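Each value in this text was obtained by applying a stated rule to the coordinates, not by laboratory testing. No experiment lies behind these values; they were computed from the predicted model shown. All Cβ positions, glycine included, derive from the backbone under ideal geometry; neighbour counts span all protein chains shown.
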Amino acid sequence: MKPAELCEVLYAEFGPQGWWPGETAFEVIAGAVLTQNTAWSNVEKAIANLKKAKLLTPTKLAHAPLSKIRAAIKPSGYYNQKAVRIRAIAKYLAENYGDDLTRFLSQPTCSLSHEVESWKGVGPETRDSILLYAAGKPVFVIDAYTVRITERTGMAGRNGDGKARSSYSELQAFFENELPRNPRLFNEFHALLVHLGKNYCRKTKPLCVSCPVRTRCRKRTRR
């Protein structure tokens, strides 16, 4: 099964996902950092707290006491570490771009990527989530759900050494080469994969019988 086919099947089954939920680019950036190692439901609570505290701009967050940030983002877990990192990112943005992130996000993809990955605590998935969802760049995000689904379906095939493609760069290149480089498509497809991974293709006790791609899965796992 090709990625485009899978996307069509999932879209027909689940419909548009409306992802990433965020009113501003900075809210998306903050959410991308806060969602590390936690469920999105916890991030929603943290974002709501930041809004209530009026801290969801680079300038306001950069000048907020760490204690106030920690209290706001506590639902997201690892709040001591995340408070330091998210304030450092806010300070960087405030000092270099102010609260209008248009100039920051409109950079060429390569330049923006290097800048974002220089932030402490930002790995490939968080970086690419910011590139895709905040900046609208045609970058495909690879997460644990995507890895699991491609492994079970055998969709990505094998590399030149005969090993299954499983590294972040290999899978990203696979999806980007197989699909039109359209950020809206990447956005929707990734969200659909997340939905499939959370609700059907679970790490343990997957719901293979009711999964919409069960007939295309090479490695169905018994409940």
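How much length would be gained if the chain were fully extended between S106 and R184, taking 0.36 nm per residue of separation minus their Cα-Cα distance, in nm to one decimal? Mind showing how you got there, number by number?
Values: separation 78, 0.36 × 78 = 28.08 nm, distance 1.63 nm.
Here the segment from S106 to R184 would lengthen by 26.5 nm.
Look at the dipole of segment 59-169 built from charges on Cβ: of S106, V139, L66, the Cα furthest out on the positive end belongs to L66.
When only Cα pairs under 8 Å and 6 or more residues apart are kept, what is the percent relative contact order across segment 25-134?
It rounds to 31 percent for segment 25-134.
Using only Cα atoms, find the angle between the long axis of helix 183-199 and the longest principal axis of the chain, and express it within 0 to 90 degrees, rounded to the nearest 10. Tilt relative to the chain: about 70 degrees.
Model label points for E13 and T204, set 7 angstrom from Cα along the Cα-to-Cβ axis, are 2.3 nm apart. What Kirkwood hydrodynamic radius do you get for segment 25-134 when you take the inverse of the mean 1/r over all pairs of distinct Cα atoms, in Å? Final number for the Kirkwood radius of segment 25-134 is 13.7 Å.
The stretch between R158 and M1 holds 55.1 nm of extra length on full extension. This uses 0.36 nm per residue minus the Cα-Cα distance. Taking the C-alpha atoms only, the angle from helix 25-34 to the longest principal axis of the chain is near 70 degrees. Counting neighbouring beta carbons within 10 Å and listing from fewest to most, the residues D100, D143 come out as D100, D143.
Relative to the dominant Cα principal axis of the chain, helix 144-153 is inclined by about 10°.
Alpha-carbon geometry of the chain: the Rg and the Dmax are 18.4, 54 Å, given in that order. In this label model, V84 and A144 are separated by 2.4 nm, measuring between points 7 Å along each Cα→Cβ vector. In this simple spin-label model, placing a label point 7 Å from the Cα along the Cα-to-Cβ direction at both A48 and E117 gives a separation of 3.6 nm.
Give me the percent relative contact order of the chain, please, defined on Cα pairs under 8 angstrom at least 6 residues apart. The partial results should precede the final answer.
Working: 267 pairs, mean separation 50.4, N = 223.
Reported relative contact order: 23 percent.
Where only DSSP H runs of four or more residues are counted, the chain gives -16500 deg cm²/dmol as its mean residue ellipticity at 222 nm, each run worth -39500 (n - 2.57). Taking θ as phi - 60° and the Karplus parameters 6.51, -1.76 and 1.60, the scalar couplings of segment 53-66 work out to 7, 6, 10, 8, 9, x, 5, 5, 6, 5, 9, 7, x, 4 Hz in sequence order, x denoting glycine and proline.
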